[in-house]
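These notes are about the structure you will find just below.
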Amino acid sequence: LAIAFTLHENARVCHDPLADLINRGLNYDNGLLIVNDGSKALRKAPKNVLGHHVLVQRCHVHKMRNILDYLL
């Protein structure tokens, strides 16, 4: 399952598609892992919608790119 958002995400924009997936029957009883690019909204929305059933992980590729861009 992948959901893509624009570069300027906000918590509401991220919240609505997740809530829609829940309303359409997404089963997350065994938990859900969300990998994101580090956006605060993309970290906040899943916690608000799914509570303790979700783990949010920062994408290592995005993190490495950000570090290299900063250093180079």
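The values are calculated or read from the model by the stated rules, or taken from the named source; none is laboratory data. From a predicted model like this one, the values you see are computed outputs, not experimental measurements. Ideal geometry is used to build each Cβ from the backbone, glycine not excepted, and the neighbour counts take in all protein chains shown. Calculation scope for accessible area: heavy atoms of the full protein, side chains included, ligands and nucleic acids excluded. Shrake-Rupley method; radii C 1.70, N 1.55, O 1.52, S 1.80 Å.
Summary of values
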| item | result |
| --- | --- |
| Qualifying positions in the stretch 15-46 - open to solvent by 90 Å² or more (accessible area, probe 1.4 Å), of a type in the set (D, E, K, R) and either in contact with a strand residue (DSSP E or B) (Cβ under 8 Å, 6 or more places away or on another chain) or in contact (Cβ under 8 Å) with a residue 60 or more places away in the chain (or both) | R43 |
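Conditions (1) in contact with a Ser or Thr (Cβ under 6 Å, 6 or more places away or on another chain); (2) modelled with pLDDT of 85 or more; (3) assigned to a loop (DSSP other than H, G, I, E, B), marked per residue:
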residue	(1), (2), (3)
A4	no, no, yes
L18	no, yes, no
N27	no, yes, yes
L33	no, yes, no
L55	no, yes, no
